[in-house]
Structure formats: C-alpha cells, structure tokens
Amino acid sequence: MIYFKISILAVLLFLLYLLIFRYKAPWVPMYKRDLARLDQLLELKPGNNFYDLGCGNGRVIFYLAKKYPQVNFTGVEISLTLFLICCLRKFAGNYKNVKLKLFDYMLLDLNQADYIYAFANKLTIEDLARKIEKEADKNLVVLSYCFPINSWKKFLVAEENKPGEKKDLFRIYQYKKRDV
Ligand SMILES: C[S@@+](CC[C@H](N)C(=O)[O-])C[C@H]1O[C@@H](n2cnc3c(N)ncnc32)[C@H](O)[C@@H]1O
C-alpha cells in the first residue's frame with residue numbers, strides 16, 4: 001500500500017513539474033482581475049483571429065471567446081497536461097470559436113493573426129517579437145502581459161498599468177506592428 005501511495009505521489013509531482021517548470025515560460029496564469037483590463041485594450045471585430053501563445057489552462061482565451069463569439073481564438077500550448085485541460089474546457093463549454101494546438105509557438109505560422117497575446121518572459125518575448133517581425137506580413141496587435149518588448153519601442157501604443165498600482169509587475173503592453 002505504501003508503494004502505491006509513493007507511486008501516486010511521484011506521478012503527481014511529475015505532472016506538476018511538467019505543468020510549471022519544464023518550458024521556457026512556466027505556467028502561471030494571468031490574474032483573473034486583469035482579464036477585463038486586457039479586454040479594454042482590444043477592438044475585436046467579427047472574423048478577427050486572436051492567438052494566445054502559450055495558452056496555459058485557457059484562462060484568457062475562454063474568457064474572451066465567451067464574450068466574442070464572432071471572433072476566432074487559437075490557443076497554442078506545448079504542455080500536454082495543460083493542452084488536455086483546455087480540450088476539456090472547450091468540450092464542456094461547447095466553444096465553437098476556439099481552436100487548440102499542441103505545438104511549439106516558435107514554429108507556428110502566425111500569418112493569419114490579427115491579435116497575438118503572450119505571457120512569456122523577458123527573453124522569450126524578444127524571440128517571439130523577432131519571429132513576428134520576420135514572418136507576419138500584415139499589421140497586427142501584440143499584447144504582452146508583464147514583460148515589455150524592449151526592441152519594439154517603436155511599435156508601443158499603450159502601457160497599461162493597474163490603477164493605483166505602484167509596481168510595474170502586472171502591466172499589459174500593447175504594440176501595433178506595422179511597416180515603419
Ligand atoms: C506564463 S504561462 C501563460 C498562460 C496564459 N497565456 C495566461 O496568460 O494565463 C506560459 C505558458 O506558455 C507555455 N509555453 C512555454 N513555451 C511554449 C512554447 N514554445 N510553445 C507553446 N507554449 C509554450 C507554458 O507551458 C505555459 O503554459
């Protein structure tokens with residue numbers, strides 16, 4: 001019996017490791033209180049394509065997908081555990097406007113995107129910006145939670161802070177990538 005319990009614990013710890021630590025940007029979801037602040041920065045139109053790169057448990061895409069049924073949402077996630085959680089949420093909520101991909105977003109074709117949202121980290125967000133600048137041939141909006149894209153100062157249009165928040169921690173940075 002004790003061996004059985006230890007095995008279960010080991011499996012749970014391994015899943016936790018996969019969930020949190022394994023990838024470049026570990027899984028930490030956006031604060032629920034910040035979802036509305038993100039929404040305020042968007043001007044989503046029917047038919048737009050919104051990508052959450054590293055969608056985690058789907059907190060952002062499912063929140064927005066419910067509000068904007070005419071907009072197409074794509075969640076890309078590299079962790080199998082989190083991807084399966086998103087699949088369950090999609091199934092349970094019968095979201096017709098959500099697509100999920102178990103994929104490395106650095107290898108994804110982003111040409112169809114009108115909006116890209118990412119909560120990555122200091123280095124990964126720069127890699128992502130380089131990829132977008134090289135590959136995306138239409139103007140698009142990029143939103144980064146917590147981490148500014150220092151090489152994209154020319155594209156910055158909003159740096160939204162939580163009202164009354166002194167720390168920079170939970171800013172949402174909005175960029176409009178356009179030909180300059
Ligand atoms: C900080 S979490 C953000 C979760 C979600 N976007 C949110 O804001 O609530 C980053 C997520 O990106 C995923 N991730 C990291 N590198 C990735 C990659 N190269 N391709 C796809 N997903 C990745 C991680 O597994 C993690 O779930």
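Worth a mention:
- Sorted by Cβ neighbour density within 10 Å, fewest at the top, the residues F4, F50, F62, F14: F4, F14, F62, F50
- Whole-Hz couplings from phi, Karplus 6.51/-1.76/1.60, listed for segment 54-69; x for Gly and Pro: x, 7, x, 8, x, 3, 6, 5, 6, 4, 6, 4, 5, 6, 10, x
- Under Karplus coefficients 6.51, -1.76 and 1.60, residue-wise ³J(HN,Hα) of segment 86-99 in Hz, glycine/proline x: 5, 4, 4, 5, 5, 5, 5, x, 6, 7, 7, 9, 10, 10
- Rounded if a/c under 1.5, otherwise prolate or oblate - segment 45-115, Cα gyration tensor axes: oblate
- Rh (Kirkwood; distinct C-alpha pairs) - segment 69-171, Å: 15.4 Å
- Volume per residue that the Cα convex hull of the chain spans, once the total is divided by residue count, Å³: 133 Å³
- For the chain, the longest site-free run once GluC sites (Glu not before Pro) in DSSP loop states with at most 12 other Cβ atoms within 10 Å are removed: 44-164
- Placed amide H near T74: partners under 5 Å, 5+ positions off or other chain: F50, Y51, D52, K99
- Most mobile of A158, A65, A120 in a GNM of the chain (Cα contacts under 10 Å): A158
Any read-out appearing in this document is the output of simple, stated calculations on the displayed coordinates, not a laboratory observation. Note that the structure is a prediction, hence the values are computed from the model and not measured. Cβ sites come from the backbone with ideal geometry, for glycine too, and all protein chains shown count toward neighbours.
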